[in-house]
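Asker: For reference, the structure I am asking about is given below.
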Amino acid sequence: MRVFLLLATLALSPVAFSQAWPNKPVRVIVNVAAGGVADVTARVLSARMTDTLGQTFLVENRAGGDGYIGFDAVARADADGHTILYSPGSSMMIAPHIVNRPDLDPLKVLTPVAATRRVSLYVIAHPAQPFANFDEFLAYARANPGKLNYGTPGNGTSPHIATEVFNREARVKLNHIPYKGAGPALQDLIGGQIQIVFDPGVGIAPAKAGKVRMIAIAGPARHPDFPDVPTLDEKGIKGVDGGPHFGFYAPSATPREIVSRMNAEVHKAMQHPPVAERF
């Protein structure tokens, strides 16, 4: 009888385990700096899941090391679903080809939980630059190779790759300045330390306020709030649509039942109208 009860308990425990999650606050590690799209969207989703699941989802920025500081923090955590990673896809797929850390391969130490969404990139310039639109920018960049600096969230990120593709396709030379996130890059653009960013969305509000100037969109369509700003494709610059994807990850040993529960809860949060509109 005792053996039967033990087997019954073991058989039911994965279900009970998944239903119990979360049973304490959840740390959401974001492996880029505060103020970028990953940070902003992680906070939007965390606030929604805090409301619906009754436990606090606390966002913690662990920027640096091309995403590896965040990888390490999550990989070392207990695999119980209470420490998870929110990361741009480029950190997962491109950073391992740049950073020599075979002991910390994110594809081995982490498991995917849920994708969220993809965003477009916006070509944004400091308003003091001697160009007011994309055509003037392109002419200036071609006439002044190496004189314009562009900022990105870091080496190997989607904005970095997209801008290098732009350099090739547009036959220009922009100098790369890597940051620890899109937020710090945008702040230096506003401050005039750099001249251009291929921004994943955090620069839209400053562009509306006139602090920066949007000159093109590296995406499939024009932005409704900037109807006169063309896409790069319209200007004959092909293949630069490098908007980043984002997603949640957990330690690789996390029980499958918890991963499935988290996946379902993230997708429910994404369907909430205010969350979808913010994305």
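Asker: Quick one: pull the percent of accessible area on the chain belonging to carbon and sulfur, 1.4 Å probe, ligands and nucleic acids left out. Don't skip to the end; give the middle numbers.
Answerer: Numbers: 7030 of 12870 Å².
Heavy-atom surface of the chain belonging to carbon and sulfur, 1.4 Å probe: 55 percent.
Asker: Output needed: percent of Cα pairs per 5 Å distance bin for the stretch 92-213, bins running from 0 to the one holding the longest distance.
Answerer: Percent of pairs per bin, in order: 2, 11, 19, 21, 18, 12, 7, 5, 3, 1.
Asker: A follow-up question, please. Please give, to one decimal in nm, the separation of the simple spin-label points placed at Glu60 and His176, each 7 Å out from Cα toward the Cβ.
Answerer: Roughly 3.0 nm, to one decimal.
Asker: Based on DSSP H runs of at least 4 residues, each adding -39500 (n - 2.57), what is the mean residue ellipticity at 222 nm of the chain after dividing by all its residues, to the nearest 500 deg cm²/dmol? Kindly include the intermediate steps, with their values, before the conclusion.
Answerer: Working: 11 runs with 112 residues, N = 279.
Using -39500 (n - 2.57) per qualifying helix, the result is -12000 deg cm²/dmol.
Asker: Quick check: pseudo-label points 7 Å beyond the Cα along Cα→Cβ at Asp105 and Asp78, how many nm apart are they?
Answerer: About 2.9 nm separates the two model spin labels.
Asker: Right, here's the next one. Between the stretch 213-279 and the stretch 178-199, how many Å separate their Cα centres?
Answerer: Between the Cα centres of the stretch 213-279 and the stretch 178-199 lies a distance of 20 Å.
Asker: Take the residue pairs Lys208/Lys268; Lys108/Lys180; Lys211/Lys268; Lys180/Lys235; Lys173/Lys238 and return only those whose Cα atoms are more than 27 Å apart.
Answerer: Values: Lys208/Lys268 31 Å; Lys108/Lys180 24 Å; Lys211/Lys268 36 Å; Lys180/Lys235 31 Å; Lys173/Lys238 17 Å.
Exceeds cut-off: Lys208/Lys268; Lys211/Lys268; Lys180/Lys235.
Asker: What residue among Pro178, Thr152, Met92 has its Cα farthest toward the positive end of the dipole of the chain, where the charges are +1 on Lys, Arg and -1 on Asp, Glu, each on the Cβ?
Answerer: Of Pro178, Thr152, Met92, it is Met92.
Asker: Amide H to amide H under 5 Å from Tyr122: which residues, 5+ apart in sequence or cross-chain, H placed 1.01 Å off N in plane?
Answerer: Under 5 Å from the amide H of Tyr122 lie the amide H atoms of Asp199, Gly201, Ala218, each far enough along the sequence or on another chain.
Asker: Continuing with the same structure: What relative contact order, as a whole-number percentage, does the stretch 33-93 give when Cα pairs under 8 Å and 6 or more residues apart are counted? Could you put the intermediate results ahead of the total?
Answerer: Working: 38 pairs, mean separation 17.1, N = 61.
So the answer I get is 28 percent.
Asker: What FRET efficiency comes out for Asn23 versus Glu136 if R0 is 51 angstrom and r is the Cβ-Cβ distance? Round to the nearest 0.05.
Answerer: On the way: r = 58 Å, r/R0 = 1.13.
The formula returns an efficiency of 0.30 here.
Asker: Could you state the number of Å between the C-alpha centres of the stretch 31-84 and the stretch 123-175?
Answerer: If you average the Cα positions of each part, the centres end up 31 Å apart.
Asker: Could you give the angle, 0 to 90 degrees to the nearest 10, between helix 256-270's Cα long axis and the longest principal axis of the Cα atoms of the chain?
Answerer: 50 degrees
Asker: When the chain is modelled as a GNM with alpha-carbon springs shorter than 10 Å, which of Pro25, Pro96, Pro130 fluctuates the most?
Answerer: Pro130
Asker: Something else now. What is the spin-label model distance, in nm, from Ala47 to Arg222 if the labels are put 7 Å beyond Cα along the C-beta direction?
Answerer: Rounded to a tenth, the inter-label distance reads 3.1 nm.
Asker: Let me ask something else. Which label belongs to the value computed from this structure, given these candidates for mean projected area of the Cα convex hull in nm²: (i) 19.2; (ii) 16.1; (iii) 14.1?
Answerer: Recomputing mean projected area of the Cα convex hull in nm² here gives the entry labelled (ii).
Asker: Here's a follow-up. Roughly what angle does helix 37-53 make with the longest principal axis of the chain, taking Cα atoms, 0 to 90 degrees, to the nearest 10?
Answerer: On a 0 to 90 degree scale, this one is about 30.
Asker: Just order 139-146, 197-204 by mean Cβ neighbour count inside 10 Å, highest at the front, would you? Please list the in-between numbers first.
Answerer: Working: 139-146: 13.4, 197-204: 26.2.
Highest to lowest by the protection proxy: 197-204, 139-146.
Asker: Right, here's the next one. What's the angle, to the nearest 10 degrees (0 to 90), between helix 182-191's Cα axis and the longest principal axis of the chain?
Answerer: Taking Cα atoms only, the helix is inclined about 30 degrees.
Asker: Considering only protein heavy atoms, what per residue accessible area in square angstrom results for the chain with a 1.4 angstrom probe?
Answerer: Details: 12870 Å² over 279 residues.
Ligands and nucleic acids excluded, the figure is 46 Å² per residue.
Asker: Give, as a single signed number, the net charge of other residues whose beta carbon lies under 9 Å from the beta carbon of Pro220, with Lys and Arg counted +1 and Asp and Glu -1. It would help to have the intermediate numbers written out before the result.
Answerer: Details: positive: none; negative: Asp233, Asp241.
Every neighbour counted, the sum reads -2.
Asker: Note down the relative contact order for the chain as a percent, whole number, built from C-alpha pairs under 8 angstrom at least six residues apart. Let's see the in-between values first.
Answerer: Numbers: 566 pairs, mean separation 76.1, N = 279.
Worked out over the chain, it gives 27 percent.
The values are calculated or read from the model by the stated rules, or taken from the named source; none is laboratory data. Computed from a predicted structure; not experimentally measured. Counting neighbours? That spans all protein chains shown, and the Cβs are built from the backbone with ideal geometry, glycine included. Accessible surface is based on the protein model in full, side chains and every heavy atom, while ligands, DNA and RNA are left aside. Shrake-Rupley method; radii C 1.70, N 1.55, O 1.52, S 1.80 Å.
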